[in-house]
Amino acid sequence: QVQLAESGGGWVQTGGSLRLSCAASGGRTFSDVVMGWFRQAPGKERESVASILWNAQTTHYADFAKGRFTISRDLASNTAYLQMYNLRPDDTAVYYCAARHRLQTEYNIWGQGTQVTVSS
């Protein structure tokens, strides 16, 4: 079973940058895993930010993330990252790391979330 641990959230001014980390551990291999980042702002539903296929590194981004956010993964450390540039106040949310099998649509393994706050 894969376990996910998030870190890297914090408080940043408009235009700043943050790098979120998602450390994965457990006895399963990651060959067929999709790793995703989600966020949930106050009063809004959770939305997808980006995803990456663990082995092939195929990526997908939400429209709001294109050109500003980069998802990546490091094999040696079993860690996924979300690098965020040019942050805006509407990026303020709790950011979650999640994982699923590549043939499934539902993410069934989730991290605890990390708060990102962008001041205007």
**Message:** Tell me yes or no: at least one residue of the stretch 96-106 is within 27 Å of G26 (Cβ to Cβ), open to solvent by less than 70 Å² (accessible area, probe 1.4 Å) and in a loop (DSSP other than H, G, I, E, B).
**Reply:** no
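Which of the residues that make up the stretch 3-24 are within 16 Å of N108 (Cβ to Cβ) and open to solvent by 30 Å² or more (accessible area, probe 1.4 Å)?
Passing the criteria: only Q3.
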**One residue from N86, N78 being modelled with pLDDT under 95 and surrounded by fewer than 18 Cβ atoms within 10 Å (Cβ to Cβ)** = N78
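Scan the stretch 28-47 and tell me whether some residue there is among the acidic types (D, E), open to solvent by less than 80 Å² (accessible area, probe 1.4 Å) and either modelled with pLDDT under 95 or outside any strand (DSSP E or B) (or both).
Our first condition is that a residue be among the acidic types (D, E); within the stretch 28-47, this holds for 32, 45, 47.
In the following step, the residues that additionally are open to solvent by less than 80 Å² (accessible area, probe 1.4 Å) were identified as 32, 47.
The next check asks that each one be either modelled with pLDDT under 95 or outside any strand (DSSP E or B) (or both); those that pass are 32.
Yes, the conditions are met somewhere in the stretch 28-47.
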**Asked** Counting only residues that are not basic (K, R) and not in a strand (DSSP E or B), which one in the stretch 62-75 is surrounded by the fewest Cβ atoms within 10 Å (Cβ to Cβ)?
**Response** D63
**Checking T117 against (1) surrounded by fewer than 18 Cβ atoms within 10 Å (Cβ to Cβ); (2) in a strand (DSSP E or B); (3) within 14 Å of the chain's Cα centre (by Cα); (4) not charged (D, E, K, R), the condition it does not meet** = (3)
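Here is a yes/no grid of residues against (1) touching a strand residue (DSSP E or B) at 6+ places or on another chain (Cβ under 8 Å); (2) on the phi > 0 side of the Ramachandran plot; (3) aliphatic (A, V, I, L, M); (4) in contact (Cβ under 8 Å) with a residue 24 or more places away in the chain:
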| residue | (1), (2), (3), (4) |
| --- | --- |
| Y81 | yes, no, no, yes |
| L87 | yes, no, yes, yes |
| C97 | yes, no, no, yes |
| Q104 | no, no, no, no |
| W110 | yes, no, no, yes |
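The values are calculated or read from the model by the stated rules, or taken from the named source; none is laboratory data. Keep in mind that what you see is a predicted model, and the values were worked out from it rather than measured. Cβ coordinates were reconstructed from backbone atoms using ideal geometry, including for glycine residues, and neighbour counts include every protein chain displayed. Only protein heavy atoms, including side chains, enter the accessible area calculation; ligands, DNA and RNA are left aside. Shrake-Rupley method; radii C 1.70, N 1.55, O 1.52, S 1.80 Å.
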